[in-house]
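Trainee: Got a structure for you, written out below as structure tokens; questions coming shortly.
Here, each number is a calculation from the coordinates, and none is a lab measurement. What you see is a predicted model, and the numbers here were worked out from it, not measured in a lab. Cβ atoms come from the backbone with ideal geometry, glycine included; neighbour counts cover every protein chain shown.
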Amino acid sequence: MRWPLISCVLLLSCTAMSGCVVMPTPEHGLLAGHGEISAEQLASLEKGKTTREEILLLLGEPSGSLDEGRILVYHWEVLRGYLIWAVPACCQGGAGGAGGVAGIPKDYLLLMEFDDCGRLERYSQLSTHALESISKRIDEWTPPETVKLSDLEKRAGEVAREPRMYETIGRFVVEPDLVPDTSTGTPLAGISPRRVKLERPRSARAAGNSRLIGKRTAAFGAVTHYIYLTQRRPDLVRSALAAQWVAAGHSIVDVDPEVTVAGRVEEFRIETPLSVSGWNAIGVLDVTIEVRAKGRSDSITRHYQLRRVEKTIRGPSEQDIRKLIEACLQALMHDLATDLALARYLDNPGQLDGLPSETLAPPVAGRDRAD
């Protein structure tokens, strides 16, 4: 009969001896999101006058959008203090004390709605505390007919178990590492060094110049994250091609080239389909290049098609997406380095008519690997 009383006394004693201290600080750092939007930037906005395009130029890509771009959402998270906690050894069963420091976040939202002409109709900057649902704040601000994020999150969470409410409009910003094929025995490395001019590839689609490369979707097509590159897709493809030419012993120049390379990005996208067997990430990269050697009237066109799969169970993380994009670019560089027809064209001062037809065939297309 006395043990319950003794247990209660011990528990109260441990609680009294342990504790936590909240240490507030000025807001600082960027934990997540777009980045702070200053008062000076907001002061330049005029309702009924400032256009959507002007805002995108001023503030950059939003964290998310609703109603097919009628509503833009900018989100950022900063630190506003620290929680310092400690538990003495006696409360740990004599195994030694424990303690730690945790940051206290504060979230900001800038919400904007545009009229049918694309001009700013209204906007608000909101802040939330750690226990408040960001999606709920957005839902309260948006018109009644707007799809509500809380409903999407509830359905997505049943499958994806996303830990943060606002991740329905989260973003992955990926800066892939370029790892060219450095083998000395590749056809491209086997020809004499050339001065190569790489023109910026064109994009076959109007949206191809965007940094947005895909969306991370969950159940019912609910978007959990937008996937961005740190540079536009044609620029990233050009960087990968340049890295491979240099790795093969050639130099990139702007004037007096011996070889000129033009190109077109047919497709470069990331998909994250959810199925009963898994939640994978799929990368598709389709590039066409036209290579012309100085002093020759003919050129050669090469077509590289890549498809890669990153398999996951609980959904692709930012690291998985980065690994997938790197695999696509690495495969592109490898195909360029091992392209026998291209190397023979560059190494042959005459025409291609005398080459066997199989050397003119493009590399094997549509290869599907799970890296």
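Trainee: Could you list, in their original order, any pairs among K106/K148; K294/K323; K47/K215; K148/K311 whose Cα atoms are separated by more than 28 Å?
Mentor: Working: K106/K148 22 Å; K294/K323 37 Å; K47/K215 30 Å; K148/K311 30 Å.
Violating the 28 Å Cα-Cα cut-off are K294/K323; K47/K215; K148/K311.
Trainee: Quick one: what are the phi-derived ³J(HN,Hα) couplings along the stretch 260-269, Karplus 6.51/-1.76/1.60 with θ = phi - 60°, whole Hz, x for glycine and proline?
Mentor: 10, 10, 10, x, 9, 8, 6, 6, 8, 8
Trainee: Under a 5 Å amide H to amide H cut-off, with H placed in plane at 1.01 Å, what residues pair with E267 once short-range neighbours are removed?
Mentor: Distant-sequence amide H within range of E267: D286.
Trainee: Sort the following peptides by mean Cβ neighbour count (other Cβ atoms within 10 Å, averaged over residues), highest first: 185-196, 70-81, 113-124. Let's see the in-between values first.
Mentor: Numbers: 185-196: 16.4, 70-81: 20.2, 113-124: 14.6.
Top to bottom by mean Cβ count within 10 Å: 70-81, 185-196, 113-124.
Trainee: If I model a spin label as a point 7 Å beyond the Cα along the Cα-Cβ vector, how far apart are those points for T51 and K311 in nm?
Mentor: 4.9
Trainee: Averaged over all directions, how much area does the convex hull of the C-alpha atoms of the stretch 222-327 cover when projected, in nm²? Write out the running numbers ahead of the final one.
Mentor: On the way: hull surface 33.4 nm².
Over every viewing direction, the Cα hull of the stretch 222-327 projects on average to 8.4 nm².
Trainee: Enumerate the calculated ³J(HN,Hα) couplings along the stretch 133-148 in order (Karplus 6.51 cos²θ - 1.76 cosθ + 1.60, θ = phi - 60°), each rounded to whole Hz, writing x wherever the residue is Gly or Pro.
Mentor: Working through the residues one at a time gives 6, 5, 4, 5, 4, 5, 4, 5, 7, 6, x, x, 7, 6, 4, 8 Hz.
Trainee: Sorted by average packing, counted as other Cβ atoms within 10 angstrom per residue and highest first, what order do 41-54, 235-248 take? Walk me through the intermediate numbers first.
Mentor: On the way: 41-54: 12.4, 235-248: 20.9.
My ranking of the peptides, most packed first, is 235-248, 41-54.
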